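Q: Can you read through this structure? Questions will come right after.
The values are calculated or read from the model by the stated rules, or taken from the named source; none is laboratory data. Bear in mind that the values here come from a model prediction, so they are computed numbers and not experimental data. Ideal geometry is used to build each Cβ from the backbone, glycine not excepted, and the neighbour counts take in all protein chains shown. Quick note on the areas: whole protein, heavy atoms, side chains included, nothing else; ligands and nucleic acids left out. Shrake-Rupley method; radii C 1.70, N 1.55, O 1.52, S 1.80 Å.
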Amino acid sequence: MRDPIESNMEGKLLADDMTIPEHQKKIREIKRRFEREWLGIKGVAAVGIGTIEGGNIGIIISVEGNRAHVRSLIPEEVEGVKIEIKTTGMFKAEH
Amino acid sequence: MAATVTEIQQILPRIKNELIFRKNVVAVGIGYKRTSGKKTDELCIICSVDKKVSKEKLAANEMVPQSFDSVATDVIATGPFYALQDPKGKFRPAPGGVSIGHQLVTAGTLGCLVTKEDKNYRYILSNNHVLANSNDASIGDPILQPGTYDGGSFPDDQIGILSNFIPIEFDQTESSCGIANNIAAFLNMFARLFGSTTRVEAVTPKLANNLVDCAIAEPLDQNDVQNMILNIGNITGVAEAGLDTPVKKMGRTSGFTTGVIEQIDVTSRVSYGTDKIATFVDQIMAGLMSQGGDSGSAVLNDENKLVGLLFAGSNTTTLINRIQNVFNQLQVTLP
């Protein structure tokens with residue numbers, strides 16, 4: 001069953017369906033449960049789903065500056081879902 | 001006796017098709033022959049090639065003959081040709097990929113054309129922060145191509161008017177809510193007085209749930225816009241981008257660039273200048289493929305299908321609205 005947000009194109013196989021099969025729904029669930037909390041941490045710029053070290057899919061937290069502070073507040077994994085932290089810098093509207 | 005331009009022009013239509021398909025040939029024209037690097041006064045047919053290859057490595061039918069009907073040929077190495085149009089210039093008709101903006105915005109990028117019910121009537125798609133000055137514009141405001149930063153001015157460079165935008169909801173943070181904090185403190189005082197255990201909290205940042213940063217402009221004249229993207233070509237449809245999907249865009253600042261989708265389902269905080277932060281959900285993230293001014297660029301996959309609308313970036317990454325969200329919110333489709 002698709003989320004309404006993912007099934008808004010008629011007759012299209014959607015990226016989320018292709019890239020996040022059933023056994024990875026857990027990743028999404030963990031992400032949705034904790035992302036607001038993580039985004040509240042100073043220096044956290046984004047939370048997304050992507051390929052992490054080792055080639056598996058996990059949660060990636062983008063931080064503006066030093067990773068150490070954020071790492072100390074966010075566990076390496078939650079319920080078996082790995083959480084990677086990457087420095088990206090701040091996101092700015094590009095005008 | 002050397003041939004004249006007119007004589008060569010008479011035989012060129014007949015032989016150019018034969019020459020242009022030879023190995024490495026990228027252009028055929030008329031010019032002065034060069035001998036040992038020096039220009040002579042003999043007119044000839046010049047074949048421009050990707051790279052020069054020694055005769056031994058070419059089959060007879062791959063080589064450019066020394067002459068045609070007594071008109072000499074010359075082969076020069078030019079490298080491949082690219083359309084090198086500066087996206088910061090003025091374009092009429094204007095394709096996607098060029099400079100555009102609201103009068104009070106420096107400059108962003110014209111994404112592509114979209115339509116509503118009337119398929120013959122096309123609108124310009126870009127970001128809210130490009131066409132609608134981050135919610136501060138009014139419907140009907142002039143839109144300039146190129147944008148003001150690229151010399152665009154009203155009324156000479158007006159291409160259209162702001163037609164619609166999806167408002168960006170900015171986060172309420174502690175710093176932006178001094179008044180709210182005071183109000184909360186005031187209300188809580190009453191709450192305590194009346195014995196309520198519920199307290200109003202203004203200090204908890206309220207994050208927004210933006211899906212898109214998008215707007216459309218209505219061209220003053222439908223003939224002033226062009227349904228293609230500069231240096232890319234025609235959009236062939238819409239598609240979803242998943243992890244590892246290769247993507248490309250043409251933008252006002254960094255031009256044609258490519259990237260790969262590195263993250264999906266991204267929730268991100270995006271800065272819109274001093275003290276203005278907006279949280280976006282359901283975004284896609286590519287590696288670095290944009291700079292300031294590229295906002296509003298249409299993002300396409302390898303098959304030239306539209307997958308997103310570029311709107312933000314950091315030093316290492318680019319953030320993109322999913323095109324499905326853009327189309328749903330604005331109630332538009334491809335022409």
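Q: Identify, please: which residue in region B:293-317 is under 18 Å from B:ALA239 (Cβ atoms) and β-branched (Val, Ile, Thr) and is, among those, surrounded by the most Cβ atoms within 10 Å (Cβ to Cβ)? Break it down into steps so the answer makes sense when it comes.
A: So in region B:293-317, the residues under 18 Å from B:ALA239 (Cβ atoms) come out as B:297-310.
Narrowing further to those that are β-branched (Val, Ile, Thr): B:299, B:307.
On the way: B:VAL299: 29, B:VAL307: 27.
By that ranking, first place goes to B:VAL299.
Q: Moving on. Could you please find all residues in region A:38-76 being within 12 Å of another protein chain (Cβ to nearest Cβ) and either open to solvent by 80 Å² or more (accessible area, probe 1.4 Å) or of a type in the set (S, T, N, Q) (or both)? Before you say what the answer is, go through the steps one by one.
A: Initially, region A:38-76 is screened for residues within 12 Å of another protein chain (Cβ to nearest Cβ), giving A:38-52, A:55-65.
Residues satisfying the conditions are A:LYS42, A:THR51, A:ASN56, A:SER62.
Q: Say whether the condition of being assigned to a strand (DSSP E or B) and either at pLDDT 95 or above or open to solvent by 20 Å² or more (accessible area, probe 1.4 Å) (or both) is met by at least one residue in region A:29-37. Steps first, answer last, please.
A: Our first condition is that a residue be assigned to a strand (DSSP E or B); within region A:29-37, this holds for none.
The answer is no, given that none of the residues of region A:29-37 is assigned to a strand (DSSP E or B) and either at pLDDT 95 or above or open to solvent by 20 Å² or more (accessible area, probe 1.4 Å) (or both).
Q: Against the definition (in contact with a helix residue (DSSP H, G or I) (Cβ under 9 Å, 6 or more places away or on another chain), surrounded by 12 or more Cβ atoms within 10 Å (Cβ to Cβ) and modelled with pLDDT of 90 or more), how does B:ASN210 come out, yes or no?
A: Details: in contact with a helix residue (DSSP H, G or I) (Cβ under 9 Å, 6 or more places away or on another chain): no; surrounded by 12 or more Cβ atoms within 10 Å (Cβ to Cβ): yes; modelled with pLDDT of 90 or more: yes.
Taking the combined requirement at face value, the residue does not satisfy it.
Q: Is it fair to say B:PHE154 is of a type in the set (A, V, I, L, M, F, W, C), more than 21 Å from A:ALA93 (Cβ to Cβ), open to solvent by 50 Å² or more (accessible area, probe 1.4 Å) and modelled with pLDDT under 65? Break it down stepwise before answering.
A: Numbers: of a type in the set (A, V, I, L, M, F, W, C): yes; more than 21 Å from A:ALA93 (Cβ to Cβ): yes; open to solvent by 50 Å² or more (accessible area, probe 1.4 Å): yes; modelled with pLDDT under 65: no.
In short, no.
Q: Here's another thing I want to ask about it. Let me confirm something: among B:LYS51, B:LYS16, which residue is touching a strand residue (DSSP E or B) at 6+ places or on another chain (Cβ under 6 Å), open to solvent by 60 Å² or more (accessible area, probe 1.4 Å) and assigned to a loop (DSSP other than H, G, I, E, B)? Steps first, answer last, please.
A: Values: B:LYS16 fails: assigned to a loop (DSSP other than H, G, I, E, B).
Just one listed residue meets the conditions, B:LYS51.
Q: From the set of residues in region A:26-37 that are within 15 Å of B:THR279 (Cα to Cα) and within 9 Å of the chain's Cα centre (by Cα), which is farthest from the other protein chains (Cβ to nearest Cβ)?
A: The residue in question is A:ARG32.
Q: A further question follows. Confirm whether B:GLY242 is open to solvent by less than 10 Å² (accessible area, probe 1.4 Å), more than 16 Å from B:ASN127 (Cβ to Cβ) and modelled with pLDDT under 95. Before the answer, list the steps.
A: Values: open to solvent by less than 10 Å² (accessible area, probe 1.4 Å): yes; more than 16 Å from B:ASN127 (Cβ to Cβ): yes; modelled with pLDDT under 95: yes.
It is true that B:GLY242 is open to solvent by less than 10 Å² (accessible area, probe 1.4 Å), more than 16 Å from B:ASN127 (Cβ to Cβ) and modelled with pLDDT under 95.
Q: Now a separate question. Being facing chain A (nearest Cβ under 7 Å) and crowded, with 24+ Cβ neighbours inside 10 Å is the filter here; which residues of region B:277-292 pass it?
A: Within region B:277-292, B:MET285, B:SER290 qualify.
Q: Of B:THR257, B:THR274, which residue is in a strand (DSSP E or B) and open to solvent by 20 Å² or more (accessible area, probe 1.4 Å)?
A: B:THR257
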